[in-house]
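Note sheet for the following structure.
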Amino acid sequence: MGDRQHQDGIVAGRLSAEDYARNFADLHPPLDAHEARVEADRCYFCYDAPCMHACPTSIDIPMFIRQIATGDPLGSAKTIFDQNILGGMCARVCPTETLCEEACVREEAEGKPVQIGRLQRYATDAAMAAGRQFYERAAPTGRRVAVVGAGPAGLACAHRLAMHGHAVTIYEAREKPGGLNEYGIAAYKTPGGFAQAEVDYVTAIGGITIENGKALGRELSLTGLAHDFDAVFLAMGLSGVNALKAQGEEAGGVENAVDYIAHLRQASDLSALPIGRRVVVIGGGMTAIDIAVQARLLGAEEVTICYRRGKEHMNASLWEQDLAASKGVVIRHWLQPRRIVAEGGRVKAIELEYTALSEGRLTGTGETLTLKADQVFKAIGQTFEPAALNGSGETVALEGGRIRVDAEGRTSMPKVWAGGDCVAGGDDLTVSAVAQGRDAAESIHRALMG
Amino acid sequence: MADIRSNFVGIKSPNPFWLASAPPTDKAYNVERAFKAGWGGVVWKTLGENPPVVNVNGPRYGAIWGADRRLLGFNNIELITDRDLYVNLREIKQVKKTWPDRALVVSLMVPCQEEAWKTILPLVEETEADGIELNFGCPHGMSERGMGSAVGQVPEYVEMVVRWCKQNTRMPVITKLTPNITDIRKPARAAHAGGTDAVSLINTINSITGVDLDNFAPQPAIDGKGTHGGYCGPAVKPIALNMVAEIARDPETRGLPISGIGGVTTWRDAAEFLALGAGNVQVCTAAMTYGFKIVQEMIEGLKNWMDAKGHASLDDVIGRAVPNVTDWQYLNLNYVTKARIDQDLCIKCGRCHIACEDTSHQAITSQVNGERRFEVIEEECVGCNLCVNVCPVEGCIEMVPLAAGSLDKRTGKVVSGDYANWTTHPNNPMKVAAE
Ligand SMILES: Cc1cc2nc3c(=O)[nH]c(=O)nc-3n(C[C@H](O)[C@H](O)[C@H](O)COP(=O)(O)OP(=O)(O)OC[C@H]3O[C@@H](n4cnc5c(N)ncnc54)[C@H](O)[C@@H]3O)c2cc1C
Ligand SMILES: Cc1cc2nc3c(=O)[nH]c(=O)nc-3n(C[C@H](O)[C@H](O)[C@H](O)COP(=O)(O)O)c2cc1C
Ligand code: SF4
Ligand code: SF4
Ligand code: SF4
């Protein structure tokens, strides 16, 4: 424990170096060979396996597990990568408890699904450790495709396009590729620089150029890209953040959770990262859980998530909620922020109002609660910022504030496809972004070669 | 409480669980531990003439495994005891003295000459052991020297050696048979003719457990080379059960006491051997896998089952299944079953469907009204039991016999309550003429 453990305010170095190291170690440590064999043996090799249907990328799960069980981890990795080239990251970050593992028949049989995610990590780690590449580029087609955003959707699309022999340029606004894999995912889910290692692994196929620090709407325009390239894939994710709509929200110490997490993910020394003593998180999704847990792991004494609806309405899975509870986070329901209480321009407390559902509508009850806080995180959802799209001429049609696409990922604009968080109707998961990127690549390929 | 005391050819033991002649019974140290753990008897590791044989100094065991690396089959290229004959005899005498209530039988293998047997038998008698077992089973090493299965595979030799022994000792003689033979009844009949008091079976089965694919060496490998070893453990139980039953129901050997060996791992396995005519059982691999303590489960399990079923003593169980072993041609062809899936137990893995769909009779749905659901299509089901065997949930699929008078939807025929077998079937070119 550091000597600043109980200091009020937002201060760095609350913990000892060992505490930081322990707190931010792998949440699910990798399975060793013995554990993997024992776990793989549990799989029934189901027919038309339910787990496979529950995977947004439709990985042939029974097959890859059987390949582990028969001592062929590299063959297993190929089965995974055939469907999901970011299978390594997905193995770490997928909420398997609501995807494949929820559907596993052994969940129904004995409440203990096969640990598909950890087995997937076992196989993909083996392939990456061996530096084994399974795919070669097809003969160059001479076609060029621009991808905007080097997150999961962009990378998956680029890899599949490269496989088909197209030349891909990825334009990425940030300094590093990876999207939220690099800047957003909780640190304990993907430690050890895995996001960059995976980008290298994916791009090793060749034919993919990443240009960092180039943003659509800044250095580039959509009309320009559509003019210069044979096709464009938009995979920009969500860069806006919803406002709290609470009075005094501009006070010091009130921060966007995603910005703080991005900071944390890039920090080379966690002890230099200031965190509050009493932290309040507003929100009920994965981001709220992640910031709350990481605040605790950084040494915050009290972390309270306030969510304006009930437990059953939270976007964070039960598993995520339990994880937060196990790390000492308190989750409170039916509370919405009303006012930031500031002193000298810095947050001192937050005033919240109790809520209730009346006739299906959420309303404040008028009763309030004030929680002491020296830091407040807003985790009430990210939004798509369409401004980047608006060049001259044609614009891309939106739906519910995000890009409208058809089943193949085509936007309203010719030659332009989109996928991942920036499109309407998705579920904001890494694995879904990968599926959409891959499928859009196939659609682009058909369009270019047709 | 059921009485499981055993009297096998006059050899008494507090329970019917003996350790088979093998490493668990090679020394006084092991045998005393076994008796402390509760084993009813042992057959001492096979003795031979001095100087003792030598074993390989590399791996002598191989295995195959099931899920979770559960040992299913085991193999060895070990020979008979590699300890001095007189050391063994001294230990046998001492152990028998310390444990008078336990069965102590001595396994023997000496060259196929009467003199050799005449020499060793008095030495064994002197130990006051309860009996001898003739090892005609060992399939490797010893057989190359004209002993073990080299004798067991020639019924005439079996009969001859048994006769020598019966003539030269007062001790009960148990003849241990090799399964590496086409018809197990032949050596059993020969042993019977020679006057054996009992047979015990099976010894191990010739086998290679695998091949090391890095250096193409058969397993277990000694310096890159392998040889066939003797296979045993749970995987051989079905083979052993059949051989026991064949002897039990053979008119020539009916009533000959049998000591059942081969894959006995639980009380249930033991009860099955008893039901098929074994008077007691011998165990090796299970002990070598889990240690001697398993006998407690075997003893309690057997007693509990007997109590639950109202069997007072072993005699109530021994041989009870023998009358139900018959030839294929006498099976009732009018007995019709259909698989039935208990939807509450079904976990929807789909294995029954794909097994039946790909390799059997397309009799299980994968979807009903667009929902994932596995139901038997009675019109197609031939009642083969494949789905039952591949279902991971015990009791989830049941084979239900159709009542006489009901319709078999597959054949469109009404099920007859009469017994009718192949011998009278119209398709049988050699059918018995109808009366
Ligand atoms: C805090 C947090 C935690 C999460 N945890 C999980 C989790 O545990 N499991 C899970 O499955 N999902 C999680 N998600 C969701 C998941 O990260 C996203 O669904 C996924 O990253 C979406 O991929 P994407 O490629 O569409 O977008 P992003 O990953 O957001 O990538 C978009 C990329 O485009 C770049 N970009 C943006 N605008 C421009 C522009 N104008 N020009 C050029 N480049 C641009 C961005 O810099 C970024 O690199 C989490 C999200 C957050 C915010
Ligand atoms: C249900 C069943 C029926 C079989 N019928 C025959 C047969 O008619 N003729 C034959 O030569 N082998 C038959 N076999 C043996 C198989 O061809 C094969 O030799 C045996 O199953 C061993 O292979 P395996 O255990 O690796 O599957 C049969 C096997 C099974 C399981
Ligand atoms: S549902 Fe579970 S048991 Fe069945 S194939 Fe998938 S992981 Fe294996
Ligand atoms: S018993 Fe055989 S034929 Fe009938 S459903 Fe089962 S597998 Fe199919
Ligand atoms: S094998 Fe058994 S558990 Fe699996 S679907 Fe069939 S009946 Fe259900």
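The values are calculated or read from the model by the stated rules, or taken from the named source; none is laboratory data. Values in this document were obtained by computation on a predicted structure and should not be read as measured data. All Cβ positions, even for glycine, are placed from backbone atoms using ideal geometry, and neighbour counts span all protein chains on display. Side chains are part of the model used for accessible areas, which takes the heavy atoms of the whole protein and leaves out ligands, DNA and RNA. Shrake-Rupley method; radii C 1.70, N 1.55, O 1.52, S 1.80 Å.
Things worth noting here:
- All-pairs alpha carbon distance profile, the stretch B:154-297, 5 Å steps from 0, percent: 2, 10, 17, 18, 17, 14, 11, 7, 3, 1, 0
- In whole angstrom, the stretch A:33-129 maps to an equivalent ellipsoid with semi-axes of 18, 15, 12, each derived as √(5λ) from the alpha carbon gyration tensor and ordered largest first.
- A cysteine counts as unpartnered when no other cysteine's C-beta lies under 4.7 Å of its own; in chain B this applies to B:C112, B:C138, B:C165, B:C232, B:C284, B:C346, B:C356, B:C381, B:C384, B:C391, B:C396.
- Area of B:K36 that stays accessible when all protein chains are in place (1.4 Å probe, Å², to 10): 150 Å²
- For the stretch B:102-163, average projected area of the Cα convex hull in nm²: 4.4 nm²
- Peptide B:346-356 shows a mean partner chain C-beta count of 5 within 10 Å per residue C-beta.
- Semi-axis lengths, Å, the stretch A:355-447, gyration tensor of Cα atoms, sqrt of 5 times eigenvalues: 37, 16, 15
- Of the chymotrypsin sites (Phe, Trp or Tyr not before Pro) found in the stretch B:244-323, not one falls in a DSSP loop while having at most 13 other beta-carbon atoms within 10 Å.
- Rg over Rh for chain B works out to 1.03, using Cα positions for both radii and the Kirkwood form for Rh.
- For the peptides B:242-248, A:32-38, A:118-124, residues were scored by their other Cβ atoms within 10 Å and the scores averaged per peptide; the highest-first order is A:118-124, B:242-248, A:32-38.
- In order along the stretch B:157-166, the phi-based Karplus estimate (6.51 cos²θ - 1.76 cosθ + 1.60, θ = phi - 60°) of 3J(HN,Hα) comes to 5, 4, 4, 5, 5, 4, 4, 3, 5, 4 Hz; Gly and Pro are listed as x.
- Counting all C-alpha pairs of the protein assembly as shown, share separated by more than 51 Å (%): 42 percent
- Inter-chain shielding of A:45-55 (mean C-beta neighbours from other protein chains, 10 Å cut-off): 4
- Translational diffusion coefficient (Stokes-Einstein; Kirkwood radius from C-alpha pairs) of chain A at 37 °C, 0.692 mPa s, in µm²/s: 142 µm²/s
- Under Karplus coefficients 6.51, -1.76 and 1.60, residue-wise ³J(HN,Hα) of the stretch B:213-218 in Hz, glycine/proline x: 7, 7, 10, 6, 9, x
- Long-range HN-HN contacts of B:T46 with modeled amide H, under 5 Å: B:A22, B:T81
- Packing-based ranking, highest mean first, of B:143-154, A:168-179, B:127-138, B:360-371 given that Cβ atoms within 10 Å are counted: B:127-138, A:168-179, B:143-154, B:360-371
- For residues of A:95-108, the mean tally of beta carbons on other chains within 10 Å: 1
- For the stretch B:338-351, the Karplus equation 6.51 cos²θ - 1.76 cosθ + 1.60, evaluated at θ = phi - 60°, returns couplings of 10, 6, 9, 9, 7, 5, 6, 8, 4, 9, 6, 7, x, 5 Hz by residue, with Gly and Pro reported as x.
- Taking the centroid of alpha carbons for each part, the stretch B:354-401 and the stretch A:269-343 are 50 Å apart.
- Translational diffusion coefficient of the stretch A:292-450 (Stokes-Einstein, Kirkwood radius from Cα pairs, 25 °C, 0.890 mPa s): 128 µm²/s.
- Solvent-free Debye scattering, log10 I(q)/I(0), computed from the Cα coordinates of the stretch A:115-160 at q = 0.32, 0.33 Å⁻¹: -1.06, -1.07
- For the stretch A:223-327: rounded, prolate or oblate by the Cα gyration tensor [a/c cutoff 1.5]: prolate
- Amide H contacts of A:R346 (H built 1.01 Å from N, in plane; Pro and chain starts excluded): A:G252 sit under 5 Å, all sequence-distant by 5 or more or on other chains.
- Most positive-pole-ward Cα, A:G213, A:C43, A:I282, against dipole of the protein assembly as shown from beta carbon charges: A:C43
- Choice from A:P62, A:P29, A:P191 with maximal GNM fluctuation in chain A (Cα, 10 Å cutoff): A:P29
- Euclidean distance of C-alpha centroids, the stretch A:382-426 and the stretch A:47-101, integer Å: 30 Å
- For B:I222, no residue whose modelled amide H falls within less than 5 Å of its own remains once neighbours fewer than 5 places apart on the same chain are excluded.
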